[in-house]
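Everything on this sheet refers to the single structure shown next.
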Amino acid sequence: MFSGSIPALVTPFEEDGRFAESAYRAFIDWQIAEGSTALVPCGTTGEAATMSAEEHFHVVRVCVEQAAGRVPVIAGAGSNDTRVAIQNIKAARDAGADAALMVPPYYNRPNQEGIFRHFEAVANSCDLPIVLYNVPGRTVTDIAVETMGRIAKAFPSVVGVKDATGIIQRVSGQRDACGADFCQISGNDDMALAFMATGGRGCISVTANVAPRLCAEFQAACLASDYARALEYQDRLFELHVSLFTDASPGPVKYALNRVRPDFPKALRLPMTWPSDASQRAVDAGLARAGLL
């Protein structure tokens, strides 16, 4: 269903904190023109945690409207409250999204049965396709391979996973548990080459915000099994991948994007802040290595 380079879109804000809609629309057009194959609005990189529900799904609607069917839109829609997650997936559907990206409940720390029951309730509430988002470094909740297999087999609307565990062998384990048709998408740019080689289909990418064409060409090489060419892109992009996490995200990626597109708004919402001088120097070096400066 989904493949290739899929940016986890940053959300531009004006200096007074308002959503910069015109900048977002232009950004979406650029992403599609550069080869991005789908879009993820209102994920972690999009500062969704700082948005009200009304604003969140306004941003999703704008993304859907601007994409205009040219590429799919996978809307961030997770919550640690199952009732809110159900409201969110329905709002994503009503906004016109093609799928919802759903984390397991964070903070609450449910057991594996609780994770299963959460997604059971969400999947039974709405037929919008669901891409699980397993990112235990942020949620402190890990969807075990066995639980993911149980979810995938029980609920046909759960079509894939954005895997940000950083554990490459999960790809093979999840192929066994969920089936080869289950869409596995890397959540880590720096590990996407290995992820693709073991059965992945794409990457929901931070770096693609800044280098969409390079990330799209890297993914195209992987999907064509041209791993020699993909390795050339990996070598070119690796320093940039790392640099975008030298301070709290999305500070470094917004700095990088403003360097590549100086008209792009620089503002972040608290508690996120502009990256340190050391982080900025690292990003500049990564951009230069990638040939973007």
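Rule-based calculations on the coordinates, nothing more; no lab input. Just so we're clear, the structure is a prediction, and the values are computed from it rather than from any experiment. FYI the Cβ positions are ideal-geometry reconstructions off the backbone, even for glycines, and counts take in every protein chain you see.
Listing for the model above:
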item	result
Residues of the stretch 189-210 satisfying the condition of being assigned to a loop (DSSP other than H, G, I, E, B), in contact with a strand residue (DSSP E or B) (Cβ under 8 Å, 6 or more places away or on another chain) and within 21 Å of residue 173 (Cβ to Cβ)	199, 200, 201
Residues (surrounded by fewer than 20 Cβ atoms within 10 Å (Cβ to Cβ), assigned to a loop (DSSP other than H, G, I, E, B) and touching a Phe, Trp or Tyr at 6+ places or on another chain (Cβ under 9 Å)) located in the stretch 135-166	140, 155
Positions within the stretch 20-37 being among the aliphatic types (A, V, I, L, M) and assigned to a loop (DSSP other than H, G, I, E, B), in sequence order	20
Test: residue 28 is under 23 Å from residue 114 (Cβ atoms) and touching a helix residue (DSSP H, G or I) at 6+ places or on another chain (Cβ under 7 Å)	no
Exclusive hit being in contact with a Phe, Trp or Tyr (Cβ under 7 Å, 6 or more places away or on another chain) and outside any helix (DSSP H, G or I), set 78, 17, 43	78
Unmet requirement for residue 120, which otherwise passes all of (1) touching a Phe, Trp or Tyr at 6+ places or on another chain (Cβ under 8 Å); (2) within 27 Å of residue 62 (Cβ to Cβ)	(2)
Condition check for residue 78: on the phi > 0 side of the Ramachandran plot and not aliphatic (A, V, I, L, M)	no
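Each row is one residue, and each column tells you yes or no for (1) surrounded by 20 or more Cβ atoms within 10 Å (Cβ to Cβ); (2) among the β-branched types (Val, Ile, Thr); (3) closer than 21 Å to residue 50 by Cα.
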residue: 194; (1), (2), (3): no, no, no
residue: 213; (1), (2), (3): no, no, no
residue: 242; (1), (2), (3): no, yes, no
residue: 261; (1), (2), (3): no, no, no
residue: 273; (1), (2), (3): no, yes, yes
residue: 288; (1), (2), (3): no, no, no
